[in-house]
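Colleague: For reference, the structure I am asking about is given below.
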Amino acid sequence: MWDHTQTFWGYVLVTLPGGQVITAGQTISVLLLLIAGYLGSRLVVFFVGRYLTTTKLRPDAIFTLKRIVFFTILMLVFFTILHMLGIPITAFAFAVGTIAIGVGFGAQNIINNFISGWILMAERPIRINDFIEFDSWQGVVEHVGNRSTRIRRIDGVHLLVPNSHLLERTVVNWTLVDRDIRTTVRVGVQYGSPVSKVSELILQAVTEHPGVKPDPKPSVCFEEFGDNALIFDAYFWSDVAGEKLLRDIRSDIRFSIEELFDKNGIVIAFPQRDVHLDSENPIEIRLAGNRESPLKNDC
């Protein structure tokens, strides 16, 4: 039994031009090493990720380090296999060059997106958990892959955007430096309202909201004399990571403004029109059902 095993293990499968042979035992060892290397790299990446999550690193930095560790281990496994088979790295120079030329012509977009993915992780213009605007969409970056980046839109739908598009097009990153965003709430009150009191009440509604940052301080501007209202704009900063939270804050402030205005007898303006009748010329009035006898109004 042992003799048969040794015979099978030493059975020559391939003879290389330089006289180097590849046996069945070497092939099995290579396969086992590939499986062990892949599983081992996954296990190492798992423990590295668990350790890095205890640090202050951002999720995108942790993801980048995990990918570097994973590919480094795979490269070490690859070079170990070459050493086991007795194949020098220089033997692949011509083959690798030929493959690179063919791949360069046939898979330009794939290589472009792959390189773009590494550029995104290196320069970090877009990071995991960033809130961005791309084309007409808004969403949170969930994953930066080898070919594409996964973005979860504000309506819950996922977008798979090629990495090269994120480098070639304009992307608005709301949280690139910090999460501070300035926004505005506009209010119109009717003519004749006490403008100082109106400004005071609007500022009170803004400053009392917990989502409004005290620094920079909120401000209220008497913007203009509108067609139907006196226009006031409230400017304030919030620490948010998306349009939905910002919209909720603005909604809460509008509720507070309406309540304060109601308590202080201030009316929020609505469109009004004054109609003036020409009293010098009589107005003809006809009663329904009696079209023969028009009435004259000499007012």
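Colleague: Of the residues F79, F94, only one is of a type outside the set (G, A, S), more than 20 Å from I119 (Cα to Cα) and modelled with pLDDT under 75; which? Full working, then the answer.
Modeller: Working: F79 fails: modelled with pLDDT under 75.
Result: F94 is the single residue among F79, F94 that is of a type outside the set (G, A, S), more than 20 Å from I119 (Cα to Cα) and modelled with pLDDT under 75.
Colleague: Considering region 192-210 alone, what residues qualify as being in contact (Cβ under 8 Å) with a residue 60 or more places away in the chain and touching a strand residue (DSSP E or B) at 6+ places or on another chain (Cβ under 8 Å)? Write out each step before concluding.
Modeller: We begin by selecting, within region 192-210, every residue in contact (Cβ under 8 Å) with a residue 60 or more places away in the chain; these are 193-194, 197-198, 201.
Across region 192-210, the qualifying residues are S193, V198.
Colleague: Here is a follow-up. Does I99 fit the bill of being at pLDDT below 80, outside the structural domain of F131 (by TED's automatic domain parsing), in a helix (DSSP H, G or I) and surrounded by fewer than 13 Cβ atoms within 10 Å (Cβ to Cβ)? Let's see the steps before the verdict.
Modeller: Details: at pLDDT below 80: yes; outside the structural domain of F131 (by TED's automatic domain parsing): yes; in a helix (DSSP H, G or I): yes; surrounded by fewer than 13 Cβ atoms within 10 Å (Cβ to Cβ): yes.
So I99 fits the description; yes.
Colleague: Hey, can you tell me all the residues within region 178-199 that are part of a loop (DSSP other than H, G, I, E, B) and under 17 Å from V267 (Cα atoms)?
Modeller: Going through region 178-199, the residues part of a loop (DSSP other than H, G, I, E, B) turn out to be 178-179, 190-194.
Q190, Y191, G192, S193, P194 - these are the residues of region 178-199 that are part of a loop (DSSP other than H, G, I, E, B) and under 17 Å from V267 (Cα atoms).
Colleague: When you scan region 28-39, do you find a residue that is surrounded by 14 or more Cβ atoms within 10 Å (Cβ to Cβ) and without any contact (Cβ under 8 Å) to a residue 24 or more places away in the chain, even just one? If you could, list the steps in order and put the result at the bottom.
Modeller: Let us first name the residues in region 28-39 that are surrounded by 14 or more Cβ atoms within 10 Å (Cβ to Cβ), namely 29-30, 33-34, 37-38.
Now drop any that are not without any contact (Cβ under 8 Å) to a residue 24 or more places away in the chain, which leaves none.
No, region 28-39 contains no residue that is surrounded by 14 or more Cβ atoms within 10 Å (Cβ to Cβ) and without any contact (Cβ under 8 Å) to a residue 24 or more places away in the chain.
Colleague: Which residue pairs have Cβ atoms closer than 9 Å, lie 6 or more positions apart in sequence or on different chains, and pair a first residue in region 151-170 that is in contact (Cβ under 8 Å) with a residue 40 or more places away in the chain with a second residue that is part of a loop (DSSP other than H, G, I, E, B) and among the β-branched types (V, I, T)?
Modeller: Sorted first by the residue in region 151-170, then by its partner, the pairs are L166/I126.
Colleague: Separate question: Please verify whether region 179-188 includes one or more residues that are over 30 Å from D227 (Cα atoms) and not acidic (D, E).
Modeller: To start, the set of residues in region 179-188 that are over 30 Å from D227 (Cα atoms) comprises 179-181.
Applying the additional criterion that residues be not acidic (D, E) yields 179, 181.
Yes, some residue in region 179-188 is over 30 Å from D227 (Cα atoms) and not acidic (D, E).
Colleague: Could you check, for region 41-55, whether at least one of its residues is at pLDDT 80 or above and under 16 Å from T80 (Cα atoms)?
Modeller: yes
The values are calculated or read from the model by the stated rules, or taken from the named source; none is laboratory data. Remember, predicted model here, so these are calculated numbers, not experimental data. Cβ atoms come from the backbone with ideal geometry, glycine included; neighbour counts cover every protein chain shown.
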